[in-house]
Amino acid sequence: MAGAFQILDPRDLIISTENVSNTVWENDSPTLTNYYTSSVQVASSTGQFYYNIYADSNVTGSIQFAIAYCDADGSGSLEYNPNVDGLSPTRTNFGQYRSLILGDEENSFVFGNQSASYFYALPVERSGYKQEILPGTMTLCLSGSGNTEHLYLTDDSKLGGAAVFTEAGRIYNLVSGSAGNVYTGVDSNGWTVNSGSYGWFMPDIGTILLNGPALQGTFADGGINLGTGRNDNTADNNPLKLFNRLNLGGAASTNAGWTLNSQENLSSDFVFVRARADEFNYSTNPSFISGSNGAVVYDNFINDPQVYITSVGLYNNNQELVAVAKLSRPLLKDFTKELLVRVKLDF
Amino acid sequence: MGYLNNQVVTVDAILTTKGRELLARGDGSFNITQFALSDDEIDYTLYNPNNPSGSAYYGEAIQNMPLLEAFPSEQQMLKYKLVTLPRDTAVMPTVGIDNTLIKLAQTGTTTITPQTFNYLSETEPSGYSFTVSDVRQFSSVVGNGIDTPQANDLNSESLKTNGTDVSKTVIGTSCTLRATGVSTLFGNVGSATSTLYSLLTIVGLDSGARLQVPINITRTTAS
């Protein structure tokens, strides 16, 4: 047996998938407590549709999520054309999410047991949630205008009921509570008194919908008296109103901000590289030989060669180097030692 | 580029540029079927068989060295492979060719026939892998003399440059190179160069012996 290449046994190639959960927000922080907008983006044409939210005041980092106000009647924003009633950015937003989530234009958004014609969509940046947002981990703090009354929202996935499936995958109700634990002080389901649940938690599209009428109610009814404006052909700046309540919630004394985790399935190739005692004991390294005739550099290397492994190369059938693995320190190999290296390639 | 933490033994694995290219093709050519080991970065002159502390310390200057992270270029990794040879091997196999520099005119052709010294035979039974470092500089790279599915697969592939300097490997007992006829690689008028530089790496598939030879391609068409 001679040579530099070793055929891998099929049993040495393992494909595995593991479930990895992680934080969503910038800097691996589990909780976002400070929210910032970009004045440039808000003033631009996209600001009529949504506000991008950043984690730092310089808005130099990545976008964390967005706030889009959606209204079936097109209220709360200026119409595209004053002569065409009801067609405005908020109406476009509503249609977009209805198409994405409900599919059929005949369906309506029913949060808990109440239908709503306006809501806020908070799509999380894809690079943050990776594959999906993890149900049962969310706590979102919204504050009343005086920052003395705080509303904590979570999803009801831990209640054990099966998720409702829509065109956008799984849907859980947003309820009062934290980290998946439901607060039943106002309603036995964790909903509001009169407006159903607080919205939908949709892990597969990384988005939550906040039920507009639910937030509009008084604190006794389970709301935060948000003051959403629904005036015809008027820029009511509703995303700004929710943004302000998020910021107040970020300054709450307990459970401040928005806590959320992501989840993804990571597929990995595991390659087990085995060098047996009588294999790979000589080197083609120029410093392993002396002179031009190829003689090994030290006499004792003739009978007892000592080589130091630093790299593993993985090749395809055509002996093209497709992946490399580098050891963190040289490993001694001789005729009395065997080596087993596990190389993990993530995709 | 950075150093790996050598306080614990870990393995830092990445895809090479070639691996990414093959993965993107999606035709199954990425499949890993074999491996090789190397001792890149090791300087065996640091091994001290006269260490007064005894044989356990002969390699102390090597074993404690920090190693660099893996490079994505397949040309810069696995340069010096470890090979399996019978015990008591006193001289290592080496690969040689007639020239220390391959000179080609634009569209010129040459055939490289390596020989292996200090080995079972001068021409290795499994042949040699020939890798050109920049495929853009050649209109054809063909391996001759080996009739295996792998060698035929590599020869049958048309040269795909994608406009980038990826490598190209063929297998054979000899290799025929034809320099590119494309003049734009030499640059524009004014900043044009008269010569393209690349590298041919020859590896004996049985012995693991390796040789790198520079290639110069000279412009013959007017700029």
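Would you kindly identify the strands (runs of 3 or more DSSP E) lying entirely within the stretch A:2-72 that contain at least 3 residues that are over 14 Å from the mean Cα position of the chain (by Cα) and loosely packed, with under 13 Cβ neighbours inside 10 Å?
Passing ranges, in order: A:13-23.
When the stretch A:1-26 is limited to residues that are within 13 Å of chain B (Cβ to nearest Cβ), touching a residue at least 60 places away in the same chain (Cβ under 8 Å) and of a type in the set (Val, Ile, Thr), the one that is farthest from residue A:275 (Cα to Cα) turns out to be A:15. Taking the conditions (1) of a type in the set (Val, Ile, Thr); (2) at pLDDT below 95; (3) in a loop (DSSP other than H, G, I, E, B) in turn, residue A:228 satisfies each one other than (2). Per the conditions (1) surrounded by fewer than 21 Cβ atoms within 10 Å (Cβ to Cβ); (2) over 29 Å from residue B:13 (Cβ atoms), the sole criterion not satisfied by residue B:114 is (1). Filtered by the rule that a residue be part of a strand (DSSP E or B), touching an Asp or Glu at 6+ places or on another chain (Cβ under 9 Å) and more than 7 Å from every other protein chain (Cβ to nearest Cβ), the stretch A:270-322 gives A:270, A:272, A:274.
Screening residue A:158 with (1) out of contact with any Gly (no Cβ under 8 Å at 6 or more places or on another chain); (2) in a helix (DSSP H, G or I); (3) not β-branched (Val, Ile, Thr) gives one miss only, at (1).
Please specify each residue of the stretch B:86-98 satisfying the condition of being aliphatic (A, V, I, L, M), within 14 Å of chain A (Cβ to nearest Cβ), surrounded by fewer than 21 Cβ atoms within 10 Å (Cβ to Cβ) and in a loop (DSSP other than H, G, I, E, B).
Matches in the stretch B:86-98: B:90 only.
Residues that are aliphatic (A, V, I, L, M) and under 36 Å from the mean Cα position of the chain (by Cα) were ranked within the stretch A:323-347; the one that is surrounded by the most Cβ atoms within 10 Å (Cβ to Cβ) is A:323.
Listed conditions (1) surrounded by 22 or more Cβ atoms within 10 Å (Cβ to Cβ); (2) closer than 30 Å to residue A:19 by Cα are all met by residue A:183, apart from (1). Taking the listed residues B:198, B:126, the one that is outside any strand (DSSP E or B) and either at pLDDT below 90 or surrounded by 15 or more Cβ atoms within 10 Å (Cβ to Cβ) (or both) is B:126, with no other qualifying. Inside the stretch A:102-136, residues that are outside any strand (DSSP E or B), of a type in the set (A, V, I, L, M, F, W, C) and under 19 Å from the mean Cα position of the chain (by Cα) make up a count of 1. Among the residues making up the stretch B:70-85, those that are facing chain A (nearest Cβ under 7 Å) and in a loop (DSSP other than H, G, I, E, B) are B:70, B:74, B:77, B:78, B:80, B:85.
This table checks each residue for (1) on the phi > 0 side of the Ramachandran plot; (2) touching a Leu at 6+ places or on another chain (Cβ under 9 Å).
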{"residue": "A:127", "(1), (2)": "no, no"}
{"residue": "A:141", "(1), (2)": "no, yes"}
{"residue": "A:155", "(1), (2)": "no, yes"}
{"residue": "A:177", "(1), (2)": "yes, yes"}
{"residue": "A:180", "(1), (2)": "yes, yes"}
{"residue": "A:187", "(1), (2)": "no, no"}
{"residue": "A:190", "(1), (2)": "yes, yes"}
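Note on the stretch A:329-341: residues that are facing chain B (nearest Cβ under 7 Å) and under 25 Å from residue A:15 (Cβ atoms) total 1. Of all the criteria given as (1) touching a residue at least 60 places away in the same chain (Cβ under 8 Å); (2) touching a helix residue (DSSP H, G or I) at 6+ places or on another chain (Cβ under 8 Å); (3) within 15 Å of residue A:120 (Cβ to Cβ), the one not satisfied by residue A:97 is (2). Could you list, in sequence order, all residues of the stretch B:21-69 that are more than 7 Å from chain A (Cβ to nearest Cβ) and within 18 Å of the chain's Cα centre (by Cα)? Correct list: B:21 only.
Look at the stretch A:107-135: where a residue is farther than 15 Å from residue A:216 by Cβ and a partner is among the charged types (D, E, K, R) and buried (at least 23 other Cβ atoms within 10 Å of the Cβ), sitting 6+ places away or on another chain with Cβ atoms under 6 Å, you get A:135/A:155. In this structure, is residue B:51 of a type outside the set (A, V, I, L, M), more than 15 Å from residue A:319 (Cα to Cα) and surrounded by 14 or more Cβ atoms within 10 Å (Cβ to Cβ)? Considered against the rule, which asks whether it is of a type outside the set (A, V, I, L, M), more than 15 Å from residue A:319 (Cα to Cα) and surrounded by 14 or more Cβ atoms within 10 Å (Cβ to Cβ), residue B:51 comes out as yes. Mind listing just one residue for me: the one in the stretch A:223-242 that is crowded, with 19+ Cβ neighbours inside 10 Å and hydrophobic (A, V, I, L, M, F, W, C) and, of those, nearest to the other protein chains (Cβ to nearest Cβ)? Within the stretch A:223-242, the match that is nearest to the other protein chains (Cβ to nearest Cβ) is A:242. A single entry from B:78, B:22 fulfils the requirement of being out of contact with any His (no Cβ under 6 Å at 6 or more places or on another chain) and either of a type in the set (Phe, Trp, Tyr) or touching a residue at least 40 places away in the same chain (Cβ under 8 Å) (or both): B:78. Go through the residues of the stretch A:208-225 one by one and say whether even a single one is under 22 Å from residue A:138 (Cα atoms), in contact (Cβ under 8 Å) with a residue 60 or more places away in the chain, within 24 Å of the chain's Cα centre (by Cα) and part of a helix (DSSP H, G or I). No, the stretch A:208-225 contains no residue that is under 22 Å from residue A:138 (Cα atoms), in contact (Cβ under 8 Å) with a residue 60 or more places away in the chain, within 24 Å of the chain's Cα centre (by Cα) and part of a helix (DSSP H, G or I). Of all residues being within 18 Å of the chain's Cα centre (by Cα) and away from chain A (no Cβ under 14 Å) in the stretch B:99-113, which is modelled with the lowest pLDDT? Just the residue, please. Among them, the one singled out is B:99. Looking only at the stretch A:256-281, filter to residues that are surrounded by 15 or more Cβ atoms within 10 Å (Cβ to Cβ) and among the aromatic types (Phe, Trp, Tyr); which one of those is farthest from residue B:87 (Cα to Cα)? Going through the qualifying residues, I end up with A:258.
The values are calculated or read from the model by the stated rules, or taken from the named source; none is laboratory data. All values derive from a computational prediction rather than experimental measurement. For neighbour counting, all protein chains shown are included, and Cβ atoms are generated from backbone atoms with ideal geometry for every residue, glycine included.
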